[in-house]
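The values are calculated or read from the model by the stated rules, or taken from the named source; none is laboratory data. None of these values were measured; they are calculated from a predicted model. Glycine also receives a Cβ, built like all others from the backbone with ideal geometry; neighbour counts cover every protein chain displayed. When the accessible area is computed, the model is the full protein with side chains, heavy atoms only, and any ligands, DNA or RNA have been set aside. Shrake-Rupley method; radii C 1.70, N 1.55, O 1.52, S 1.80 Å.
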Amino acid sequence: MDKELEHQFVTNLETHQNIVHKICRIYTNDQAEHNDLFQEITIQLWKAYPKFRGEAKFSTWMYRVALNTAITLYRKKKRGIQTTDYDSVHFRIQAEEYDGEAEKQLTLLYSAVKELNDIDKALVFLYLEDKNYKEISETLGISEVNARVKMNRVKTKLKKILNP
């Protein structure tokens, strides 16, 4: 891969790294798992980047790759998460520490979201990121109508979890 492509990737990743941190927060329970998942998502993004055609926004593509990686690893969790050695990756990004203090009021919501299944978690995450149903449907690979129906069902589930 040429240096220009590598530079574009690192710049885009640094700009949008909070997307990955938020996904890690939803799919992990502690900082070590968070760091491992962040690393694995970064590596998967890097591997997939040559195939990024720019048909969607970089952030939309990033959501898709990151969520698919998180969901795949989450499903394999009982068998152990396999990660790639970070030292084998040539680039380095300037890490921005994730500040959980700013989202303290969402702790209750996040704990409720963790009780949902993988796809519902992804749907809620994109909804909380203010993605419209068109973007949600593109990211998850479902129709807009299906995204709306699923979101209504998830809202009902969350209400039951938060107000037993």
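When Lys160 is tested against (1) under 20 Å from the mean Cα position of the chain (by Cα); (2) open to solvent by 70 Å² or more (accessible area, probe 1.4 Å), only condition (1) is not met. Only residues that are within 18 Å of Ala66 (Cα to Cα) and of a type outside the set (A, V, I, L, M, F, W, C): list them for the range 133-158, please. Hits for the range 133-158 are Glu135, Ser137, Glu138, Thr139, Gly141.
Here is a yes/no grid of residues against (1) within 16 Å of the chain's Cα centre (by Cα); (2) of a type in the set (Lys, Arg); (3) in a helix (DSSP H, G or I); (4) more than 21 Å from Ala112 (Cα to Cα):
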{"residue": "Gln8", "(1), (2), (3), (4)": "no, no, yes, yes"}
{"residue": "His16", "(1), (2), (3), (4)": "yes, no, yes, yes"}
{"residue": "Ile26", "(1), (2), (3), (4)": "yes, no, yes, no"}
{"residue": "Ala32", "(1), (2), (3), (4)": "no, no, yes, yes"}
{"residue": "Thr42", "(1), (2), (3), (4)": "yes, no, yes, yes"}
{"residue": "Trp46", "(1), (2), (3), (4)": "yes, no, yes, yes"}
{"residue": "Glu55", "(1), (2), (3), (4)": "no, no, no, yes"}
{"residue": "Leu67", "(1), (2), (3), (4)": "yes, no, yes, no"}
{"residue": "Arg75", "(1), (2), (3), (4)": "yes, yes, yes, no"}
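Applying the set (1) modelled with pLDDT of 70 or more; (2) not in a loop (DSSP other than H, G, I, E, B) to Leu116 leaves exactly one unmet item: (2). For the range 6-46, filtered to residues that are buried (at least 19 other Cβ atoms within 10 Å of the Cβ) and of a type in the set (Ser, Thr, Tyr), the residue that is modelled with the highest pLDDT is Thr42.
Restricting to the range 132-145, name every residue that is in contact with a helix residue (DSSP H, G or I) (Cβ under 7 Å, 6 or more places away or on another chain) and either part of a helix (DSSP H, G or I) or within 16 Å of Val113 (Cβ to Cβ) (or both). Let's see the steps before the verdict.
Step one: filter the range 132-145 for residues in contact with a helix residue (DSSP H, G or I) (Cβ under 7 Å, 6 or more places away or on another chain), giving 133-140, 143-144.
Once the filter is applied, which keeps residues that are in contact with a helix residue (DSSP H, G or I) (Cβ under 7 Å, 6 or more places away or on another chain) and either part of a helix (DSSP H, G or I) or within 16 Å of Val113 (Cβ to Cβ) (or both), the range 132-145 yields Tyr133, Lys134, Glu135, Ile136, Ser137, Glu138, Thr139, Leu140, Glu144.
For Tyr63, only one of the following conditions fails: (1) modelled with pLDDT of 85 or more; (2) over 30 Å from Leu5 (Cβ atoms); (3) open to solvent by less than 80 Å² (accessible area, probe 1.4 Å). What is its number? Result: Tyr63 fails condition (2) only.
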